Amino acid sequence: MDLGKMKDGAEQTSPLFRAWVAARRPFKVDSPFFAAGNVERELVAKQISLEITEEEKKHIVQSEEEQLWEIFCPIVGCRTKLKGVGELESHYLSRHSATCSICTRVFPTTRLLNLHVSETHDSFFRAKVALNYPMYECLMEGCSARFLSDSNRHQHLVDKHHFPRSFRFHVKKHASQKQRQRQKAHQPSNSGSTPKQSKKNQRAKAASESAPDVHTDRKDYESTTPSETQNQDTPMDVDELVTAVSRLSTVSQDETPSVLRFGHRRGRGVPFGQKSRGSGRGRGRGRSGRDQEDDSPPLQSIST
Amino acid sequence: MMNHGGDGPAATNLRRDPFKTSVGKGAGQRRRQAAITIGKDRRDSVVRAKRLRRADPADHGDGDAMQLAAVAADDDVAYKLLEDSTAAAVLNLKNIGKKATPKKVEALQTLRRLLSCSAYPPVHVAVQAGVVPLLVDCLGFGASEDQLFEAAWCLTNIASGDPEQTRAVEPALPLLILHLGEKNPARVVEQCAWALGNVAGEAEDLRDWLLRQGALSALARNLSSPIITLVRTAAWALSNLIKGPNSRAATELMKMDGIVDTLVRLVSNGDDELVVEVAWVLVYVTSMSDLHSSQLIHAGLLPPLVARLAVSHHQPLLTPVLRTIGNIVASDNSKCDAVLAAGQSLPGGINGALARILETEHRTLQKEAAWVVSNLAAGSILHKRAVFNGGAVSPLLYLLATSTFDVRKEAAYALGNLCVAPRDQGEEGKPILEHLNVLVDRGCLMGFIALVKSPDLESARLGLQFLELVMRALPDGKGPKLVEKLDGIAAMEELQFHANEELRIMSNMLIDQYFGEDYGLEEEFVSGDARTQYGPEYPPWRRGGLAA
């Protein structure tokens, strides 16, 4: 390294010296380089949650204006009172969108609605089950497991998907005290109720909803608005029922029917045919207003 | 996450407030420790990625809960009252049983208010009283919208607490996931997403579990909703879910049909608050894989993204947008081309936008912006020229001279990269004199010498490398002269016996080469024509002549 070299300017330094190299420096997502920005993000977010955002302000203004605009839900048979467009939309989505038209139960997704209808209202499904096809699908999307019985599926949900043991997909619907009294007054001729699904309902229906209330006992089949009064639940296998009944725990006494009867009068006339899904087979359709006394549901399909 | 270490500040508080009721354990200490934790958060960069839901704008309030809230912040007695009310509310809910009555919804609402009202709601009390199974029971299919909403809100706030409290929400997770379904009322879906976001933000094992249960697709589907607040919350929850560091989730997200277009659309059209959350999703996605970046660029992400960078003043938005662009730019030349191209329609382009950010007073933004510039400047000659002429140089020089250490380091990278030719042309290390001369003339050398003196190894090395470049490249020996004038020799000498071997070697080599024993010695024995013989690289005092 003599001075002579220096005069020439851009000579190379000794190769041992790691000279500046212009290189890109990507950082991994959890690199400490980003830490300061991450912390700020969350501190800001905490403050934001205390303020009312522009969006929410708009919402408040809107809802105050809409207090004045009241309508009734336009869907036949649903007599919910709604204030404003927002409520209408929300109500429609929650009550008439993934709603079972037979028992008016609501579900968060179309898929769950389909499962419900198949398992609860479809005799074809029941038949397949009786033939030992694994018909009960896992509820979680992406899991393709299928089971021979509701209880097997339930066990799977608990084991694999960490559902709480108390969860029930099928519920036994119970009318409130008042409703049952009302029904008894209406129809003194028929008594007894059809036991619903095999598992006891521990999740009572939303009593706060008005028209689409579920009435568990048989209805007056002459009614032309079956949606209100209709209730259709095909009982499952006798075996299952027996085991289920024996497993019943009485949470509240007045919700358990004192008399259990098997056999039923099947409901007719699915009002919004397009809404109820399922195999579409083996289900009575388009027979509104006609009583049917036979106990065994027809296995053949009756097309809409 | 809540380290219960450090009694110092807590003890100090006690001493400072002798008139307050004696605290001991309990609420006050908990809150103080939480405050300490936030302080530690800043230092240790442990981030609480959970969000408590406080206000319901339409809520005209439960007077009692609100009053409790106002007082509870400072008053331990009132906080105890709050805790007791919460326990009572849980008991009340339990007694209502499984019937779905209006009373149940009311009870849930009361509980919800109690769990929302202070910055540190008495979640622990509720959990201990066994609230979670009760809430899970409220989440059955067919429950009313109000019931689902209130239960989900309670779970959200429980999940926003300490790690044990977040984990206590586990039994509810499958149902929360199912309730993300598109047929649920929007506010229910949003609230469930919020709760899940809190859980996802807690720990990687929880994220993995949620992913296995299909939470990702359920959440992501909601990005297409027309309801803005829902999309925003879903995007935030999604960002917590995919943050990794395992890239599996991000990859799964990017495989979803239509997701790329949805993300681009949201960035283009969304309001600020929405874009903030979507941008964070993009931050994770772009940092995990170059392929993702390519997909997004292909779908037209860059023009709206760069536009936001150029015009927004909203710091929470600038951070993730900048970082996303930074991730993209940190990959390869073609992506840099795309970014530069996207900025062309804007006045100043991407470099002008970056310059604007370098000029904000915000340290983190400045640091990350300098990082982005450094990666752009590590590209092709054209990239370097674009950066050099794009207006970022002035603020970078300023930052190098005056800012905090971490910002100075990034500025140094950026400026240095501008002065060195790209690797690929086999001319590694070759200086770009036109840039180097300008920067040196504008006084950048001092900043680099300061880095040499830094305790951070990487910075010291950077400083040495730049000095070497200067001394090698500047003609007529200008380099060593300048370095010496600015006390660079002293700085290098400090490293000669440094613990780190590389630094020792480097500094010694430089000193030997440029300031060797012969340095200046010849001067002493030389007559007046030293200048002609040995050139002007000798400092005047060596030449025995006039001061320069």
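Pairs to check: B:Lys50/B:Lys255; A:Lys81/B:Lys103; A:Lys81/B:Lys104; B:Lys335/B:Lys367. Give those whose C-alpha atoms are more than 23 Å from each other in this structure. The pairs that break the limit, which is 23 Å between Cα atoms, are B:Lys50/B:Lys255. Between B:Asp424 and B:Asp487, the simple label model (points 7 Å from Cα in the Cβ direction) yields a spacing of 4.3 nm. When nucleic acids and ligands are ignored and a 1.4 Å probe is applied, B:Leu238 ends up with an accessible area of around 0 Å². Compared with the direct C-alpha span, the chain from B:Met446 to B:Asp337 gains 36.0 nm at full extension, assuming 0.36 nm per residue.
What residues in the range B:378-421 lose 30 Å² or more of accessible surface when the other protein chains are added to their chain alone (1.4 Å probe)? Buried by the other chains: B:Ala378, B:Tyr413, B:Asn417, B:Val420. Protection proxy ranking of B:252-259, A:104-111, by the mean of other Cβ atoms within 10 Å over each peptide's residues and highest first, is A:104-111, B:252-259. Heavy-atom accessible area for B:Arg167, with the other protein chains in place and a 1.4 Å probe, reaches approximately 80 Å².
Scoring B:186-195, A:27-36 by mean Cβ neighbours within 10 Å over their residues and listing the highest first yields B:186-195, A:27-36.
Tally Lys/Arg at +1 and Asp/Glu at -1 over every other residue whose Cβ is under 14 Å from the Cβ of B:Ser334; what's the total? Combined, the nearby Lys, Arg, Asp and Glu give -2. Computed from point charges on the beta carbon alone (+1 for Lys and Arg, -1 for Asp and Glu), the dipole magnitude for the range B:50-228 about its Cα centre is near 580 Debye.
For the range B:50-228, the residue among B:Ala200, B:Pro174, B:Leu93 whose Cα projects farthest onto the positive side of the dipole built from Cβ charges is B:Pro174.
Net charge around B:Ser403, counting only other residues with Cβ within less than 12 Å of its Cβ (Lys, Arg = +1; Asp, Glu = -1)? Result for the local shell: 0. Annotation for B:Arg363 and B:Asp257: the two label points, set 7 Å from Cα along the Cα-Cβ direction, are 4.9 nm apart. Distance from the alpha carbon centroid of the range B:220-256 to that of the range B:95-170 works out to 25 angstrom. Interface size, chains B and A: roughly 8400 Å² of accessible area buried, both sides included, 1.4 Å probe, rounded to the nearest 100. Positive contributions from Lys and Arg (+1) and negative ones from Asp and Glu (-1), summed over other residues with Cβ under 13 Å from the Cβ of B:Leu180, come out at +1. For the range B:460-476, accessible area lost to neighbouring protein chains reaches 30 Å² or more, against the chain alone with a 1.4 Å probe, at B:Gln465, B:Glu468, B:Arg472. Using a probe of 1.4 Å, the accessible surface attributed to A:Glu40 totals some 40 Å² when neighbouring protein chains are kept in position.
Computed 3J(HN,Hα) for the range A:21-37, one whole-Hz value per residue from the Karplus formula 6.51 cos²θ - 1.76 cosθ + 1.60 where θ = phi - 60°, is 10, 7, 10, 6, 10, x, 10, 5, 4, 9, 5, x, 4, 8, 4, 4, x, glycine and proline marked x. 3J(HN,Hα) along the range B:145-162, derived from phi through the Karplus expression 6.51 cos²θ - 1.76 cosθ + 1.60 where θ = phi - 60°, amounts to 4, 4, 5, 4, 4, 5, 5, 5, 5, 4, 5, 4, 6, 5, 6, 8, x, 5 Hz, with x in place of Gly and Pro. Counting only protein heavy atoms, probe 1.4 Å: which residues of the range B:182-201 lose 20 Å² or more of accessible surface in the full assembly compared with their chain by itself? By number: B:Glu182, B:Lys183, B:Asn184, B:Pro185.
Using the Cβ-Cβ distance between A:Ala23 and A:Gln155 with R0 = 51 Å, the FRET efficiency computed as 1/(1 + (r/R0)^6) comes to roughly 0.35.
Rounded to the nearest 20 debye, the dipole size of the range B:401-490 about its Cα centre is 200 debye, using +1 on the Cβ of Lys and Arg and -1 on the Cβ of Asp and Glu. Peptide B:93-102 is shielded by partner chain Cβ atoms: per residue, an average of 4 of them sit within 10 Å of its Cβ.
The candidates A:His121, A:His162, A:His156, B:His298, arranged from most to least accessible area with a 1.4 Å probe in the full protein assembly, appear as B:His298, A:His162, A:His156, A:His121. The shape of the range B:50-228 comes out prolate: with a ≥ b ≥ c from the C-alpha gyration tensor, a/c is at least 1.5 and a/b beats b/c. Peptide A:129-137 shows a mean partner chain C-beta count of 0 within 10 Å per residue C-beta. Could you pull out which residues in the range B:343-382 have an amide N less than 11 Å from a spot 7 Å beyond the Cα of B:Glu434, following the Cα-Cβ vector? From the range B:343-382, the list is B:382. Compute the Cα gyration tensor for the range B:328-450, then decide on rounded, prolate or oblate, letting a ≥ b ≥ c be the square roots of its eigenvalues: rounded whenever a/c is under 1.5, prolate when a/b is larger than b/c in the other cases, and oblate in all that remain. Oblate is the answer for the range B:328-450, as a/c is 1.5 or above yet b/c matches or exceeds a/b.
Backbone amide hydrogens, once placed in the peptide plane, bring B:Val420 within less than 5 Å of B:Ile432, excluding anything fewer than 5 places away on its chain.
The values are calculated or read from the model by the stated rules, or taken from the named source; none is laboratory data. It should be emphasised that the depicted structure is a prediction, and the values quoted were computed from it without experimental measurement. A quick note on method: Cβ atoms are made from the backbone with ideal geometry, for glycine too, and the neighbour counts reach across all protein chains shown. These accessible areas exclude ligands, DNA and RNA; they are computed on the full protein's heavy atoms, side chains included. Shrake-Rupley method; radii C 1.70, N 1.55, O 1.52, S 1.80 Å.
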